[in-house]
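Visitor: Handing you this structure, nothing more for now.
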Amino acid sequence: MHRLHVKIGELSGVEIDLLKTAFDTFRERTICDGAELAIDTVAPAWACPSCERAVERGAILRCDTCGRPARMIQGDEIILQRIEMEAPNV
Amino acid sequence: MCETCGCGDPEIVPIEVQERILSDNDVQAGHNRSHFEALGLLAINLMGSPGAGKTAVLEASAKATGGRLKLGAVSGDLATDRDADRLNASGIVSATITTGSACHLDARLVHRALHDFPAADRDIFFIENVGNLVCPAIYDLGQAANVVALSVTEGEDKPLKYPVMFQKADLVLLTKVDLIPHLDFDVAAVEDGLARVMPEARMLKVSAKTGEGIDAWLQWLEERRPAPVERPAEGHQHEHSHGHHHEHH
């Protein structure tokens, strides 16, 4: 295994530094030994479900225009996106 | 072999996965949810700090409902059966999930507890999570709603300091409100904080001690109860995705 790409939202509850430590600890003597962990962090974002207007982080989570509760559109994901591995040498 | 430059190094192949890292827990939570739905049971994941008053609110709920609603609970506890003992004494059929040093419940732990739990004649099933404002929020247990107990002695800033927990809440119970006269506690500041992390901010002020707000809380629960289902008298058999079959009571 060469590299793992993961996507972690800032409000997913996963702490990036601790995830790295855990990966370094548990990859030993597995196929991930020596593999790189590439982490994409995703800032949280909210938008109105009807008019799609963005609601800023830290603001009241309601649409300015129509008053509907905003919906989180990103920022809570914990996703293994892609792995890169050595193909058998043929 | 590397075909780009012929260097002889093995070729590196990217493979798209795009899978949630906690997908095992999600599958198990889905299974729990189908149990709850089949039983016509409203399942509530009750979270909050240690000492926020989760058990006390449930005791007060049992007292207020006076047997009208049949309540059941499992309590996540690191080392003791104290919460389940208290709840049983108050009339809530309860069991402990001993978590050892784990700081949260996951769907598998709840499922294991369900196997031995007499859930079939209950109306509402509370999953009293381990006291912790961080980790429990990450694990779906199969509940219909998340409720967070926040006591007035914890301070107004908790929603902004623990957004991961409060963003997942369907309801916040502001507990121990009988203490407000003795504290410099600003209820409006909590409401403002919640509105910034919780899109459909909903908060009820309750006191387990005086009973204030407990009726509103029971009303909130009643509104979420699923339509009654035909329950077989002898438990039910069903397929399991995890490779075993058994009867539930």
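The values are calculated or read from the model by the stated rules, or taken from the named source; none is laboratory data. Owing to the predicted nature of the structure, the values given are computational and were not obtained by experimental measurement. Cβ coordinates were reconstructed from backbone atoms using ideal geometry, including for glycine residues, and neighbour counts include every protein chain displayed.
Visitor: What pairs come up if the first residue lies in the stretch A:48-76 and is on the phi > 0 side of the Ramachandran plot, the second is surrounded by fewer than 12 Cβ atoms within 10 Å (Cβ to Cβ) and of a type outside the set (Lys, Arg), and their beta carbons are under 7 Å apart, counting only those six or more places apart or on different chains?
Guide: A:75/A:43
Visitor: Please go through (1) within 22 Å of residue B:204 (Cα to Cα); (2) modelled with pLDDT of 90 or more for residue B:66 and return the number of the only condition it doesn't satisfy.
Guide: That leaves (2) as the condition not met.
Visitor: Within the group B:138, B:180, which residue is within 16 Å of the chain's Cα centre (by Cα) and not hydroxyl-bearing (Ser, Thr, Tyr)?
Guide: Working: B:180 fails: within 16 Å of the chain's Cα centre (by Cα).
Within the list B:138, B:180, the selection yields B:138.
Visitor: Based on this model, can you work out whether residue B:188 counts as over 24 Å from the mean Cα position of the chain (by Cα), over 12 Å from residue B:152 (Cβ atoms) and of a type outside the set (Ser, Thr, Tyr)?
Guide: Numbers: over 24 Å from the mean Cα position of the chain (by Cα): yes; over 12 Å from residue B:152 (Cβ atoms): yes; of a type outside the set (Ser, Thr, Tyr): yes.
For residue B:188, the condition - over 24 Å from the mean Cα position of the chain (by Cα), over 12 Å from residue B:152 (Cβ atoms) and of a type outside the set (Ser, Thr, Tyr) - is met.
Visitor: Give me the pairs: first residue in the stretch B:10-33 and at the interface with chain A (Cβ under 7 Å from one of its Cβ atoms) and part of a loop (DSSP other than H, G, I, E, B), second residue crowded, with 17+ Cβ neighbours inside 10 Å and not small (Gly, Ala, Ser), beta-carbon distance under 8 Å, and six or more apart or on different chains, which are they?
Guide: These pairs meet every condition: B:21/A:6; B:21/A:78; B:21/A:79; B:22/A:78; B:22/B:138; B:22/B:139.
Visitor: Those residues that are touching a helix residue (DSSP H, G or I) at 6+ places or on another chain (Cβ under 6 Å) and more than 14 Å from residue B:97 (Cα to Cα), I need them from the stretch B:125-138; list them, please.
Guide: The answer is B:133, B:137.
Visitor: What are the residues in the stretch B:168-180 that are assigned to a helix (DSSP H, G or I) and crowded, with 24+ Cβ neighbours inside 10 Å, if any?
Guide: Residues of the stretch B:168-180 that are assigned to a helix (DSSP H, G or I), as a first pass: B:177-180.
The answer is none; no residue qualifies.
Visitor: Let me ask you something else. For residue B:149, state whether it is in contact with an Asp or Glu (Cβ under 6 Å, 6 or more places away or on another chain), closer than 30 Å to residue A:43 by Cα and away from every other protein chain (no Cβ under 14 Å). So that I can check it myself, show each step before the final result.
Guide: Working: in contact with an Asp or Glu (Cβ under 6 Å, 6 or more places away or on another chain): no; closer than 30 Å to residue A:43 by Cα: yes; away from every other protein chain (no Cβ under 14 Å): yes.
No, not satisfied.
Visitor: Same structure again: Determine which member of the set A:41, A:25 is closer than 23 Å to residue B:164 by Cβ, more than 10 Å from chain B (Cβ to nearest Cβ), polar (S, T, N, Q) and not in a loop (DSSP other than H, G, I, E, B).
Guide: Values: A:25 fails: closer than 23 Å to residue B:164 by Cβ.
Exactly one residue qualifies, and that residue is A:41.
Visitor: For the stretch A:53-74, give me the residue count where each residue is closer than 25 Å to residue B:20 by Cα, more than 7 Å from every other protein chain (Cβ to nearest Cβ) and not in a strand (DSSP E or B).
Guide: Number satisfying all stated conditions: 1.
Visitor: Right, another one. Within the stretch A:75-83, identify whether any single residue is under 21 Å from residue A:22 (Cα atoms) and more than 10 Å from chain B (Cβ to nearest Cβ), and answer yes or no.
Guide: no
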